[in-house]
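Data first, discussion second: the structure below is written as C-alpha cells.
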Amino acid sequence: MGIILKQSLNNTIVTYIGFAIGAVNTLFLYTNFMQPNNYGLIQVILSVSAVLMPILAFGVPNSLVKFYSSFKNDSSQDGFLTLMLVLPLVLIIPIGILSYFANEAIGNLLSKENDIVRDYVWHIFFVGMAMAYFEVFYAWARIRMKSMFGNFMKEVFCRIAQTILLILLWFKIIDIEFFINGLVGCYIVRTVIMKIYAYQLRKPKLNFSFPENWQSIVKYSALIILGGSTAIVLMEVDKVMLNNFLKIENVAYYAVAGFIASTIAVPSRAMHQITYPLTATYLNDKNKSALKELYQKSSLTLFIISGLLFLLILLNLSELYELLPKNYSGGFMIVFWIGLAKVYDSLLGNNNSILFNSDYYRSILFFGVLLAALAIVFNLWLIPTYGIDGAAIASFTAFFIYNTLKLIYVKAKFKIVPFTHETWKVFVLLIIVGVLFSIFSLPFHPIINIAVKSILMIIMYLGVLYRFKISEDVYGFLNKYLSR
C-alpha cells in the first residue's frame with residue numbers, strides 16, 4: 001500500500017505540472033503565437049489520432065495489467081509479452097495499408113468543410129500508432145509497479161515540446177509545416193523513450209509459443225477496444241465533427257473553452273488513482289459497507305471541489321477572456337455545458353471503478369458503445385443548428401445519459417447510491433455562493449479581479465463547510481491546518 005500511495009501522490013504532482021504547462025500553451029501561447037485555422041488543424045489531427053488510438057492498441061494496455069500476474073515463470077511471461085507486442089499489429093497493418101491505398105478518399109472525408117485537413121492523413125495515422133504503442137509500453141512499466149516516469153512522459157513531455165515548438169514558431173525559426181511535423185515526431189520519440197524504459201524494467205525475449213489461454217486474452221482485448229473507444233469518442237468526437245460542419249478555426253475556439261472547463265476534472269483524476277485500488281480491494285473482500293462509505297465520501301469530496309471550481313471558472317470567465325485574443329472570447333456556453341458535465345461526473349465519485357472492477361464490466365462497456373453512438377447522433381443534429389455551442393450541448397447530453405445509466409446500474413446491482421443529505425447541503429451552498437458573487441464585480445485589472453473574487457469565494461465557501469461540518473474529510477483537513 002505504501003508503494004501505491006507514494007506513486008499516487010507523485011503522479012498527482014506530475015499531472016498538475018503537466019496540466020499547468022498545458023494551460024500556458026492552450027490559453028496563451030497557441031492563442032497568441034498561432035493563427036486560429038492552424039491551431040484548429042492541430043486539434044483535428046490530435047483528436048482524430050486519439051479516437052484511432054484505442055483501436056490500434058487492440059486493448060493491449062488493459063490486457064497487460066489484467067493477465068501478466070497470472071503467468072508465474074519466465075517462459076510463459078515471455079510468450080504473453082510477445083503476444084502483447086504483436087497483437088496491435090493485427091489492426092495497425094491493415095489500417096496502414098488502407099491509409100496508403102485510400103489516402104485520397106480518407107482525405108476527402110476529413111476535409112469536406114476544411115480543405116486544409118486533406119494532406120494530413122498520414123500524420124493522423126502515425127500519431128495514433130505512436131499513442132497506441134506508448135500506452136502498451138506504459139502498461140508494461142506499470143505491471144512492474146513503476147508508473148511515475150510513464151506518467152511524466154504522458155502528461156509533461158509532449159506539452160514541453162509544444163512549448164518549445166511554439167516559441168520557435170513565434171520567432172519565425174520554423175514554419176507551421178515544420179511545427180506539425182515536429183509535433184508528430186514528438187509523439188514518436190515519446191514512444192521510443194517509453195519503450196527503452198519499459199525494456200530496462202523487463203527485457204522481452206521473443207517467444208511465439210503463446211499462452212494456452214491466448215484466445216481468452218484476445219477476446220478480452222477486443223472487448224476492451226469498445227471501452228477504450230467509448231471513452232475517447234465521448235471526449236474527442238465533438239472536435240472531430242466540428243471539422244466536418246464548420247470552419248476549422250471554430251475547432252480552436254472550442255478547444256480553448258473546453259480546456260478551461262476540463263480543469264474541473266483534474267482533482268477527480270488525481271483521486272481516482274487512490275480510489276481505484278481501494279475499490280477493487282473492497283469488491284474482492286465483499287466488504288459492502290466499506291464500499292458504500294467510499295462511494296459516498298468520494299462523491300461528496302469531489303462534488304465539493306468540482307462545484308467550487310465550476311463557480312470559480314464561470315464567475316471569472318469574462319475577466320479571463322479579457323486576457324485572451326478577442327476571437328476566443330465567445331465560449332461561455334461551451335464552458336458552462338462541458339463544466340456541468342464534469343461536475344456531474346465528479347458527483348458520481350468512484351462509480352467507474354466499482355463497475356470496471358466488478359463482474360458487470362461487460363454490460364457497462366456496451367452501455368458506453370451505445371452512448372458513443374448517441375453522442376455522434378447528437379453532434380450531427382446540434383452542430384448544424386447551434387454551431388460550436390451545439391457540440392458542447394451534445395457532449396453534455398451524452399455524458400448526462402451515460403452517467404445516469406451508470407448511477408442506476410450501480411444502484412440496481414449493489415443497492416448503493418453516492419448521494420447523502422450532505423450532498424444537498426453542498427448543492428444549496430453552491431447556489432447561494434454563485435448568486436451572491438454573480439452580482440459582485442470589481443473595477444480593477446482582470447488579473448486582480450480574478451484573484452480578489454476567487455479568494456473571497458473560497459473563504460466564504462470553505463468557511464461555511466467548516467462551520468457546519470458538512471464533510472468529515474474536508475473538516476478534518478481544514479482543522480488540521482487551522483489548528484496549527
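Results, tabulated for the structure shown:
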{"read-out": "Number of positions in region 440-483 that are among the hydrophobic types (A, V, I, L, M, F, W, C), assigned to a helix (DSSP H, G or I), over 18 Å from residue 310 (Cβ atoms) and open to solvent by 60 Å² or more (accessible area, probe 1.4 Å)", "value": "4"}
{"read-out": "Of the criteria (1) on the phi < 0 side of the Ramachandran plot; (2) open to solvent by 80 Å² or more (accessible area, probe 1.4 Å), which one residue 358 fails", "value": "(2)"}
{"read-out": "Restricting region 293-310 to residues that are open to solvent by 20 Å² or more (accessible area, probe 1.4 Å) and either assigned to a loop (DSSP other than H, G, I, E, B) or within 30 Å of residue 28 (Cβ to Cβ) (or both), the residue that is modelled with the lowest pLDDT", "value": "305"}
{"read-out": "Residues of region 365-380 satisfying the condition of being open to solvent by less than 50 Å² (accessible area, probe 1.4 Å) and in contact (Cβ under 8 Å) with a residue 40 or more places away in the chain", "value": "365, 368, 371, 372, 375, 379"}
{"read-out": "Residue selected from region 271-292 under the condition of a type outside the set (A, V, I, L, M, F, W, C) and open to solvent by less than 50 Å² (accessible area, probe 1.4 Å), by the criterion modelled with the lowest pLDDT", "value": "277"}
{"read-out": "From the options 432, 408, 383, residue that is surrounded by 17 or more Cβ atoms within 10 Å (Cβ to Cβ) and part of a helix (DSSP H, G or I)", "value": "383"}
{"read-out": "Selected residue (only one of 400, 437 is open to solvent by 80 Å² or more (accessible area, probe 1.4 Å), assigned to a helix (DSSP H, G or I), touching a helix residue (DSSP H, G or I) at 6+ places or on another chain (Cβ under 7 Å) and at pLDDT below 95)", "value": "400"}
{"read-out": "Within region 339-355, considering residues that are open to solvent by 20 Å² or more (accessible area, probe 1.4 Å) and either more than 28 Å from residue 292 (Cα to Cα) or out of contact with any Gly (no Cβ under 9 Å at 6 or more places or on another chain) (or both), the one modelled with the lowest pLDDT", "value": "352"}
{"read-out": "Scan of region 79-102 for residues that are open to solvent by 30 Å² or more (accessible area, probe 1.4 Å) and small (Gly, Ala, Ser), ordered by number", "value": "none"}
{"read-out": "First in region 417-443 and within 21 Å of residue 298 (Cβ to Cβ), second anywhere and assigned to a loop (DSSP other than H, G, I, E, B) and of a type in the set (Gly, Ala, Ser), Cβ under 6 Å, 6 or more apart", "value": "418/349"}
{"read-out": "Filter result for residue 242 (within 24 Å of residue 366 (Cα to Cα), part of a helix (DSSP H, G or I) and hydrophobic (A, V, I, L, M, F, W, C))", "value": "no"}
{"read-out": "Output for region 318-333, where each listed residue is over 21 Å from residue 437 (Cβ atoms), open to solvent by less than 60 Å² (accessible area, probe 1.4 Å) and part of a helix (DSSP H, G or I)", "value": "328"}
{"read-out": "Among the residues listed as 196, 260, the single one being of a type outside the set (S, T, N, Q), open to solvent by 30 Å² or more (accessible area, probe 1.4 Å) and either at pLDDT below 95 or part of a helix (DSSP H, G or I) (or both)", "value": "196"}
{"read-out": "Flag for residue 232 being part of a helix (DSSP H, G or I), open to solvent by 20 Å² or more (accessible area, probe 1.4 Å), of a type outside the set (Asp, Glu) and free of Cβ contacts under 8 Å to residues at least 60 places away in the same chain", "value": "no"}
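The values are calculated or read from the model by the stated rules, or taken from the named source; none is laboratory data. This one's a predicted model, so the numbers in the text were calculated from it and none came from an experiment. With ideal geometry, Cβ positions are generated from the backbone for all residues, glycine too; neighbour counts draw on all protein chains shown. Accessible surface areas use protein heavy atoms only, side chains included; no ligands, DNA or RNA. Shrake-Rupley method; radii C 1.70, N 1.55, O 1.52, S 1.80 Å.
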